[in-house]
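Please treat every number below as a calculation from the coordinates, not as lab data. Small disclaimer: the values here were computed from a predicted structure and weren't measured. Methodologically, a virtual Cβ is constructed for each residue, glycine included, from the backbone with ideal geometry; neighbour enumeration extends over all protein chains shown.
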Amino acid sequence: MAGGFWWLSQPVEMLEGAASTFGLQGFRDQWPSVYLLVSEWRSAEQADKSWYSEEYAMVRRLREGAAEVHVLLAESLPPAC
């Protein structure tokens with residue numbers, strides 16, 4: 001499997017930082033209509049390959065206008081010594 005979902009959460013509560021970073025309003029507010037989806041990939045390269053694939057482009061087109069989406073790619077920290 002190239003990637004997998006770890007969790008899907010609702011509502012999302014901002015504990016620290018600026019909600020505007022994610023295009024959201026408020027600070028330390030709960031957003032009952034916002035979902036947080038976390039997925040894992042073997043590598044950033046595999047995630048990029050999937051994100052920019054023709055197959056996923058079809059999914060993005062279906063989503064256009066239906067939701068405001070923010071996607072972040074972060075790599076894991078190296079193991080602790």
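Could you put Met58, Met14 in order, starting from the residue whose Cβ has the fewest other Cβ atoms within 10 Å?
So the residues, fewest neighbours to most, are Met58, Met14.
Using a simple spin-label model with points 7 Å from Cα along the Cα→Cβ vector, what separation in nm is obtained for Glu16 and Arg63?
Rounded to a tenth, the inter-label distance reads 2.8 nm.
What are the chymotrypsin sites (Phe, Trp or Tyr not before Pro) within segment 34-81 that DSSP puts in a loop, where the Cβ has at most 14 other Cβ atoms within 10 Å?
Tyr35, Tyr52
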